[in-house]
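Visitor: Dropping the structure in here first, questions after.
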Amino acid sequence: MSFEVTTFDMVSLVKSVVEDFATMAKEKHITLNVAPPPDDELLVRGDEDRVRQVVSNLVSNAIHFTNQGGVTVRLGIQNGSALCQVTDTGTGIEPKKQRLLFRKFQQAGEKVLARDLTRGTGMGLYISKLIVESLNGKIWLEKSELGKGSTFALTLPRPGQAQSSTTCDIRGCVERAIEEVK
């Protein structure tokens, strides 16, 4: 997997993703908001299309698992990196199932691998992790409480921050992920 790394505005990207999911949120009668940083701009270094894929996955999951209340995407800076947090008022994730997140073919819903219940493959967070880490960022579950919702977060480098290779050898990424699962 190779990346086309450029500098782009994360606020514009997130607003576009939220606009893409506005109908889905409206159909569920939940709110979907963006809380941008004070200056309404947050430049990052990364592959804009791949970052859009990651943010779309997080927003889609948040909407899917929220039946009342809403989803908010907050943007800011943490330790010099661009920070994006997706918070929902959804079902939350049971503590013992949180360890399944970001693993291949794993879901933390009522029944692990119950595709008929969640309509997912269990690959979204796994792929998101590979993408974000390949772009020198981090992605994690910040907090989750049953019946109160979850917050997922990711950081990405800003212009001027040290960058390593922008190409991910897919075999190397997969091997690394397998080792993490063991």
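Visitor: Where residues in segment 24-51 are in a strand (DSSP E or B) and touching a Phe, Trp or Tyr at 6+ places or on another chain (Cβ under 8 Å), which of them is surrounded by the most Cβ atoms within 10 Å (Cβ to Cβ)? Walk me through how you get there before you give the answer.
Guide: In the first step, residues of segment 24-51 are kept if they are in a strand (DSSP E or B); the result is 31-35, 43-46.
With touching a Phe, Trp or Tyr at 6+ places or on another chain (Cβ under 8 Å) added as a condition, the list becomes 32, 43-44, 46.
Numbers: LEU32: 23, LEU43: 13, VAL44: 26, GLY46: 29.
Out of the qualifying residues, it is GLY46.
Visitor: Now, a different point. Answer yes or no: is there a residue in segment 41-59 that is modelled with pLDDT under 95, of a type outside the set (A, V, I, L, M) and more than 14 Å from the chain's Cα centre (by Cα).
Guide: Scanning segment 41-59 turns up at least one residue that is modelled with pLDDT under 95, of a type outside the set (A, V, I, L, M) and more than 14 Å from the chain's Cα centre (by Cα).
Visitor: If you don't mind, another one. Condition check: under 21 Å from LEU83 (Cα atoms) and out of contact with any strand residue (DSSP E or B) (no Cβ under 7 Å at 6 or more places or on another chain). Does GLU41 satisfy that?
Guide: No; evaluated as a whole, the condition is false for this residue.
Visitor: From the list LYS138, LYS148, pick out the single residue that is among the basic types (Lys, Arg), surrounded by 13 or more Cβ atoms within 10 Å (Cβ to Cβ), farther than 26 Å from ARG50 by Cα and at pLDDT 90 or above.
Guide: Details: LYS138 fails: farther than 26 Å from ARG50 by Cα.
Of LYS138, LYS148, the one residue that is among the basic types (Lys, Arg), surrounded by 13 or more Cβ atoms within 10 Å (Cβ to Cβ), farther than 26 Å from ARG50 by Cα and at pLDDT 90 or above is LYS148.
Visitor: Right, another one. Would you please list the contacts, defined by Cβ atoms under 7 Å and residues six or more apart or on different chains, that run from a residue in segment 45-62 that is closer than 16 Å to PHE102 by Cβ to a residue that is of a type outside the set (A, V, I, L, M, F, W, C) and in a helix (DSSP H, G or I)?
Guide: VAL54/SER128; ASN57/GLY124; ASN57/SER128; ASN61/GLY124
The values are calculated or read from the model by the stated rules, or taken from the named source; none is laboratory data. On a predicted model such as this, the values are computed, not experimentally measured, just so you know. Ideal geometry is used to build each Cβ from the backbone, glycine not excepted, and the neighbour counts take in all protein chains shown.
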